[in-house]
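Here is the structure we will look at, set down as structure tokens.
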Number of protein chains: 2
Amino acid sequence: MQKLPNNIRFQVSGSFYLKDPESSELGKKILKHGIRMIDELGFDEFTFRKLGMEIGSNEASIYRYFESKYKFLIFLSSWYWAWMEYSLILALTNVNSPEKRLERAIALLAHEPNDNLDLEHFELEKLSRIVNSESSKSYLTKEVDEANNGGAFINYKQFVSRVSDIVKEINSRYKYPNMLISTVIEGIHLQRFFAEHLPRLTNKQKDNLYIQKFFTELVFKTIKG
Amino acid sequence: MQKLPNNIRFQVSGSFYLKDPESSELGKKILKHGIRMIDELGFDEFTFRKLGMEIGSNEASIYRYFESKYKFLIFLSSWYWAWMEYSLILALTNVNSPEKRLERAIALLAHEPNDNLDLEHFELEKLSRIVNSESSKSYLTKEVDEANNGGAFINYKQFVSRVSDIVKEINSRYKYPNMLISTVIEGIHLQRFFAEHLPRLTNKQKDNLYIQKFFTELVFKTIKG
DNA sequence: GCAAATTTAATAGTATTACTATCATGTTTG
DNA sequence: CAAACATGATAGTAATACTATTAAATTTGC
């Protein structure tokens, strides 16, 4: 297990909590078990009441940390994208060729993280599954605009923008870098989901890097002159 | 207004209704006003009770047509994809070159239908907005597999498969036709949504065909040798 | 043209959800 | 050691996603 340098804290956008959950034991339990339970039950079946029961606390106490379960989900995805941005920066350090950088960025997105990093209450593997399959619920509501104004998608946008910049470096005349990258990110999530549940919509290969290969090829062919 | 030949009925997969809503006045009202209300309120805020009030009927009566509001949504999306398949067949009639066929298929997907077709209780413009922004809720639940076994996605899969076949015609060695097309379909929906709510994730152009152009270019570059 | 069958409406009820409010107890801290 | 704060326990509200029951209206089959 690698340890994170413990002075690192992500700049998570907005304030989607009432009280910083990392500031107390109860808060940390909410994060850890909340992530696990959303992963197991799905977001719809997940409730603060059930979470309270599981951590030997109660509903009302959890509401002191998060105003609603939607804000909890937004908080988790923002944290995830802040983490991904950090990982991206690490993955690209000392890589000079923009092609290689773009390749690595796509690889980072396409890989499910394995939990060999000690992040305590944030279990990355589960969290990434949640963001994969549940987080579009945080923007597919009529309240997107409100959430967006509150900063819900800043970390996500920052990530997209960072990768789009690499695209521009490779081909400054390409007109749709943001669209390409947001399509790739959501496409990766969707293809993973399809692979598991609706395989006829995919072209699964033995080689389990096929999603990464598919999108890498797509991106490079698309942006080449 | 064009009239549909009135002997046409789509083969809608599965049986996501208890009683055929096209067989009665009440059923037709449920379809028409249900579509409108989901479009206006969003699926989460939409309830059978509200629908009942609006059409001067009541909750219990609606439950005789649809077991739940999720099945109602699945029914609507299946109908939509059956309709899209029909439209696709029309759009491709007498077009011989596979390149032109693929181009037209993408154009069909990228265009919001204008309601100049007399489909009575199915208002296409609203329905397409629903499928665009709400229908992933029909697969982003833990019950996907069950829904899938019940045939929920047959019409969608058929559509994907039809378009993938064109890709194969153009380049039979291309390994990921289904992935490419399912990525494009969901990508179009997402980019439309982003254009409206999170424009920084897109590259909106004055020209309002930019989504179509972006995906057309992406597809053709990707599948070319 | 009328009885039987079916469809709908009206009402009520259940379990659960997503919260809010209140109050008492325990813990931290200045 | 008191004041401030965090938690727990309990209760309550309005709404949701249904189900059950009964009665009225409409359709249909003969």
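The values are calculated or read from the model by the stated rules, or taken from the named source; none is laboratory data. Computed from a predicted model, the values in this text were never measured in an experiment. Cβ coordinates were reconstructed from backbone atoms using ideal geometry, including for glycine residues, and neighbour counts include every protein chain displayed. Accessible surface is based on the protein model in full, side chains and every heavy atom, while ligands, DNA and RNA are left aside. Shrake-Rupley method; radii C 1.70, N 1.55, O 1.52, S 1.80 Å.
Selection of the range B:171-198 for residues being more than 7 Å from chain A (Cβ to nearest Cβ) and among the hydroxyl-bearing types (Ser, Thr, Tyr) yields B:Ser172, B:Tyr174.
In this structure, does B:Glu45 turn out to be within 20 Å of A:Asp44 (Cα to Cα) and within 14 Å of another protein chain (Cβ to nearest Cβ)? Lay out the reasoning, then the answer.
Working: within 20 Å of A:Asp44 (Cα to Cα): yes; within 14 Å of another protein chain (Cβ to nearest Cβ): yes.
The answer is yes for B:Glu45.
Listed here are the residues, each with its yes/no results for (1) under 23 Å from B:Ser133 (Cα atoms); (2) surrounded by fewer than 19 Cβ atoms within 10 Å (Cβ to Cβ); (3) among the small types (Gly, Ala, Ser); (4) more than 16 Å from DNA strand D (Cβ to nearest atom).
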{"site": "B:Leu41", "(1), (2), (3), (4)": "yes, yes, no, no"}
{"site": "B:Phe46", "(1), (2), (3), (4)": "yes, no, no, no"}
{"site": "B:Met53", "(1), (2), (3), (4)": "no, yes, no, no"}
{"site": "B:Ser57", "(1), (2), (3), (4)": "no, yes, yes, no"}
{"site": "B:Arg64", "(1), (2), (3), (4)": "no, yes, no, no"}
{"site": "B:Leu76", "(1), (2), (3), (4)": "yes, no, no, no"}
{"site": "B:Ile89", "(1), (2), (3), (4)": "no, yes, no, yes"}
{"site": "B:Leu102", "(1), (2), (3), (4)": "no, no, no, yes"}
{"site": "B:Ala105", "(1), (2), (3), (4)": "yes, no, yes, yes"}
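Kindly indicate whether B:Ala82 is more than 14 Å from chain A (Cβ to nearest Cβ) and under 13 Å from the mean Cα position of the chain (by Cα). So B:Ala82 passes the test. Checking each residue in the range B:48-71 for being more than 14 Å from chain A (Cβ to nearest Cβ), of a type in the set (Ser, Thr, Tyr) and assigned to a loop (DSSP other than H, G, I, E, B) picks out B:Ser57, B:Tyr65.
Yes or no: B:Leu109 modelled with pLDDT of 95 or more, within 16 Å of DNA strand D (Cβ to nearest atom), part of a helix (DSSP H, G or I) and buried (at least 17 other Cβ atoms within 10 Å of the Cβ)? Don't jump to the end; show me each part of the working.
Numbers: modelled with pLDDT of 95 or more: yes; within 16 Å of DNA strand D (Cβ to nearest atom): no; part of a helix (DSSP H, G or I): yes; buried (at least 17 other Cβ atoms within 10 Å of the Cβ): yes.
So B:Leu109 does not fit the description; no.
Among the residues of the range A:200-218, those identified as open to solvent by less than 70 Å² (accessible area, probe 1.4 Å) and facing chain B (nearest Cβ under 9 Å) are A:Leu201, A:Thr202, A:Asn203, A:Gln205, A:Tyr210, A:Ile211, A:Phe214, A:Phe215, A:Glu217, A:Leu218.
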